[in-house]
Each structure stands twice: as structure tokens, then as C-alpha cells.
Amino acid sequence: MKKIANRSFHGLARIFLGIPHVDVTNNFKLYKREIVEAIRPHLRSSGFSINAETGIYPYLLGFSTKEIPVSWIGRKEDMGSSSFNILKAGPGYASVLYDTIRYKYFGKKFMQHKHLAEDERKHFDSLVEKTGETYYGNLRPVAKIRFQRKAKEILGFLGKKKNPKILEYGCGTGILAQYLLQFRPDLAIEGIDISPKAIGVAKKTLMQYKNAHFQPGDCLHLPFRNNTFDAVVGNSILHHSIIFLLVRR
């Protein structure tokens, strides 16, 4: 089973990534310091699949690597049993293959997005824990006037359309949605934000509106079909996004 999975993995790596090596998952590797420093920011695995990442990324980042054939004696009884479990480790290898394929075809911006997204999540989760909001400016009295104006402008764009559906990307704690729903209770809103803490606040604050739903997520992994919404809105969010990938998507 492990042999079949291993050969399948490397077959896909050759087909989709163009990696000429027979085995990139072997845990015996010798790299120069500059290679280690270059691939380290991209390593995400916490299990056996780290061996695949450390084998694939040097090649994808343009470094010249050489594979030296070795003879493997196999496991004997006095060595004990292997701790490797294909059912537990398999998803990790599949995730590595998926990420590296996207890296190759979307370029470095894909991986930059992944790290940016994690940093953004931590930042906003921390802000919500400390202040109850994702932005200090939302705590000021003038914020009420600003959000009222923004809500009216959005609703003006929708006109008199019956039961309009809105996707609010980067909804935060639901502060904009709150004013939109105050002016127009029949509005259906799906809010998505990278901060689970902010989403928790939005759900609690606007729980009386049955047509308002909030969930954690990001702009590249929206769980909605095409043509689901009449409008997509956001408040102060573009500078938190990878614009290049957002436009392409």
C-alpha cells in the first residue's frame, strides 16, 4: 500500500511539477544554507509530509539539486515496526502536492497569500479579543455617521430590488451589516471574514436577523456558486487582499 502511494505521489509530481527525481520524499537531504533559508517560509507540514515539501520546494524555487542513488536494505525484525501510517500521513502528502501545484501555476503570489492570510487572521483575532472590534476607528463616535453613509450608498445602488442578496467580504464584527439591516431588514447578507473571533461577535450581535449569516473564510475560497448575489461589498478591505489574485478569481 505504501509503495503504491509513494509511486503515485512521485508520478504526479513528475507530471504536474516536472520534477525529474525518482524520490523527493526521502528524509535524507543535504542543502546549502541559502536553500534552507529560501524554503523555510513555505514549509507548512507538521508530519511525515515535511519530507515532500523539503524535496519539492528547492526545485520549484529554481535551485539546482542532484539526486544520488542509494541502496536501501529494508526493515528487519530487530528494527521494530515503522510509525508511518498511510491513512494518517496520506492527507498531508495530498495537501503538499495540491499546494505545490498551485505554487507552480499561480507563482509566488499564492504562497504569499497563504502567509499573509495567517498573519491577518492572528492580527484581527487579537484586536477583537482586546477591543471587541477589528479596527480602532470603529470605536469612535464618528464611526456611526460613516457607516450610516456607507450603508445608504450601498442600498441606493440596490434600488428597489426585492429581497436583495449581498456578500460582504471582510465583514469583521458585522458593523456595516448592522446598519444595512437597520435600514433594510429584508436584506439577505452573507458575511465572510478571515477572523473567527470577529465572526463570533457578528453572529452574536446580529442573531435577531434570520437572513444574516456569517462564517470565517477568505477571498480565494468562497463557498458560494456563481451568480448567488446581487452585490458584493466590503469596507476598508482591499489593502488586506492579494489584489492580483482577487482580480484573476
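The values are calculated or read from the model by the stated rules, or taken from the named source; none is laboratory data. Keep in mind that what you see is a predicted model, and the values were worked out from it rather than measured. Using ideal geometry, Cβ is built from the backbone for each residue, glycine included, and neighbour counts are taken over all protein chains shown.
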Are there any pairs with C-beta distances below 9 angstrom linking a residue in the range 16-32 that is in the same structural domain as TYR57 (by TED's automatic domain parsing) and under 17 Å from SER95 (Cβ atoms) to a residue that is of a type in the set (Lys, Arg) and at pLDDT below 85, with the two at least 6 apart or on different chains, and if so which? PHE16/LYS104; LEU17/LYS104
Going through the range 128-183 in order, the residues found to be within 19 Å of GLN208 (Cβ to Cβ), in contact (Cβ under 8 Å) with a residue 40 or more places away in the chain and of a type in the set (A, V, I, L, M) are ILE166, ILE175, LEU176
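Go through the range 51-69 and give me each residue that's surrounded by fewer than 18 Cβ atoms within 10 Å (Cβ to Cβ) and within 19 Å of the chain's Cα centre (by Cα). Please lay out each step first, then the result.
At the first step, the residues of the range 51-69 found to be surrounded by fewer than 18 Cβ atoms within 10 Å (Cβ to Cβ) are 61-69.
Matches in the range 51-69: none.
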